[in-house]
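Since the structure comes first, as structure tokens, the remarks are kept for the end.
Read the figures in this text as sums done on the coordinates, not as results from a lab. Fair warning: this is a prediction, and the values are worked out from it, not measured in the lab. Glycine gets a Cβ as well: all are built from the backbone with ideal geometry, and neighbour counts include every protein chain shown.
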Amino acid sequence: MNSDISIVALSLQIALVATAVTLPLGMFVAWLLVRKQFRGKFALDVIVSLPLALPPVVIGYALLWVVGTNGWIGQLSESWFGSTLAFTWIAAALAAAIVSLPLVVRSFAAALAGVDPRLEIAARGLGAGSVRTFVTITLPLAYRGVIAGVLLGFVRALSEFGATIVVAGNIPGRTQTVPSAIFTRISSGDTDAAWRLALVSVVLGVVALGVHNWLLKRSANGVANTNGRAK
Amino acid sequence: MTTRRTVGFVLTLICVAILASCGGKSPNESVPLIFAAASLSDVLTESAEIYESDTGKRVDFSFGGSIALANQIVKLGAPADGVLFAGGEPRRLIREAGLESAADAPWLISTSLVVIGGADALPINSLNDLVISGERVAVANPELAPAGRYAMQALANAGVSVDIGLQLIFTSDVRAALAAVESGNAKYGIVYGTDAYSSARVVTVMEIDSFAGDYFFTGIAGAQNGRAAQTFINYVVDEPETREVLESAGFDISVKRIGPGKPGG
């Protein structure tokens, strides 16, 4: 039971750090995709969405070659800290971030697309810079969709398994997340303990998706109102 | 403004989580991480509890198929401080990579190889009978775990050919093969005698005499906590209480340390 709590805590920590990476990055990419026209936009979209189409184990393997002994990040961290990031919880957080990024970007893009561009143009016309416009006009109007995207990315990060086990291993107390602990318990025939954590996953997933759907529903109403007013 | 407050709240939460995780994880620095064969998981976990209550020092483990774990260390740079592996292949990998600790000679302990069945399984006389039974047989994947290699060699030595995939089920490590028999998903399994010993839900239906599984214990040369790992390993093999854990699980620890070297403490 005690170890259950520490496994869940480590999973939450990894998912939160992954979310801290995907939130700003996803926001920037979504803003580029929705509001900007530029060369390579199509390529950016494909690259960011690729984790949706790849087996997570491939993501993990690719990441391992970047953060492991042979990768440039791995060699950098080896010379700075004396060890690579491979098989640490940071690697698990990176894997979770990469795998959840497409969902976050898509949610953010939908939320940003729901904001009437004319409101932003009006703000710019009144002298606000692009950052100020984004923070004071776009973000407040899109915030429910944004939080919904954060939640979706967070639960995806929590449930990440394939990439994580390749790049971070399955080390109890260090890199063992809820899914990898369930895998170990199934493999070793510890069925009661496996069910316990499976139940935890279901509860976390239901709560997060419930809030996500509720926010999206409200944000759809909110956007409709704004558009009504704008007209 | 509720909007900004909500966004601010989410951001604050994330920042706090990051700060907390940066501060909270440093104790790991001095805790040795030991990569160990899945077949040792329960005896080592129990030994580590004894070790911690006796010395106040903690050890962390990563359990799995020995070959898979050895490859993680040698090819992928996994941060192991010590290893307790089964079989010759992982040992060769560690030794050839120059990672075998030179300060202390490694230990060897051993176990046997057996055929197990579910609680209601009938005894069998030979591996040929096992194949003729037509029932599914769980073995560890020979590419990941030495137990699987031994099992395949035993089958080959007995001159029987088994349909891999149809009759033979490969699992990620030997404990997963045991679990497959425990759950009834395989009627039989080929595992270490000590695995069979650890479970009340399977019976040993046949001993395979020609095979003894060797375990190879060593600290990893040059690892940050290599000495601490070796101290734990020596403790496990030297202390009467942890020796008792190993012996009562069916491991033969009369086998000595390889080469010269006085047991440390």
Sorted by Cβ density within 10 Å, fewest first, the residues B:Ile190, A:Ile171: A:Ile171, B:Ile190
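Give the total of Lys-Lys pairs in the protein assembly as shown with Cα-Cα distances below 29 Å; include a pair only if its members are 8 or more places apart or on different chains.
Working: A:Lys36/A:Lys217; A:Lys36/A:Lys231; A:Lys217/A:Lys231; B:Lys25/B:Lys57; B:Lys25/B:Lys75; B:Lys57/B:Lys256; B:Lys57/B:Lys262.
Lysine pairs satisfying the spacing and distance rule in the protein assembly as shown number 7.
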Reciprocal of mean inverse Cα separation for segment A:4-103 (Kirkwood radius, Å): 14.9 Å
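What's the exposure ranking of A:Phe28, B:Phe35, going from fewest to most Cβ atoms within 10 Å?
Details: A:Phe28 12, B:Phe35 30.
Exposure proxy ranking, most exposed first: A:Phe28, B:Phe35.
Please order B:Tyr215, B:Tyr192, B:Tyr197 by the number of other Cβ within 10 Å, starting at the fewest. Walk me through the intermediate numbers first.
On the way: B:Tyr215 30, B:Tyr192 33, B:Tyr197 18.
Fewest-to-most Cβ neighbours within 10 Å comes out as B:Tyr197, B:Tyr215, B:Tyr192.
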Out of residues 5 or more away from B:Ala78 or on other chains, whose amide H comes under 5 Å of its own, with H placed 1.01 Å from N in the peptide plane? B:Ile73
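Enter the mean number of other protein chain beta carbons within 10 Å of the beta carbon of each residue in A:162-169, as an integer.
Mean partner shielding for this stretch: 2.
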Taking the 0 to 90 degree range and rounding to the nearest ten, how far is the long axis of helix A:89-113 tilted relative to the main principal axis of chain A, both from C-alpha atoms? 20 degrees
All other residues with a Cβ under 10 Å from the Cβ of B:Val115 taken together, and with Lys, Arg as +1 and Asp, Glu as -1, what is their net charge? -2
Rounded to the nearest 10 degrees, the helix A:41-53 long axis (Cα) sits at an angle to the longest Cα principal axis of chain A of 40 degrees
Apply the Karplus curve 6.51 cos²θ - 1.76 cosθ + 1.60, θ = phi - 60°, to the phi angles in segment A:147-162 and return the couplings in whole Hz, x for Gly and Pro. 5, 4, x, 4, 4, 4, x, 5, 5, 5, 5, 4, 8, 5, 10, x
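Jot down the per residue volume, in cubic angstrom and as a whole number, of the convex hull over the alpha-carbon atoms of the protein assembly as shown.
On the way: hull volume 85.8 nm³, N = 496.
Here the figure is 173 Å³ per residue.
Using only the Cα atoms, what convex hull volume per residue in Å³ does chain A have?
Details: hull volume 33.0 nm³, N = 231.
Taking the convex hull of the Cα positions in chain A, it is 143 Å³ per residue.
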Starting at the first residue of segment A:4-16, write each ³J(HN,Hα) from the Karplus equation 6.51 cos²θ - 1.76 cosθ + 1.60 with θ = phi - 60°, in whole Hz, x for Gly and Pro. 4, 5, 5, 5, 5, 4, 5, 4, 5, 4, 4, 5, 5
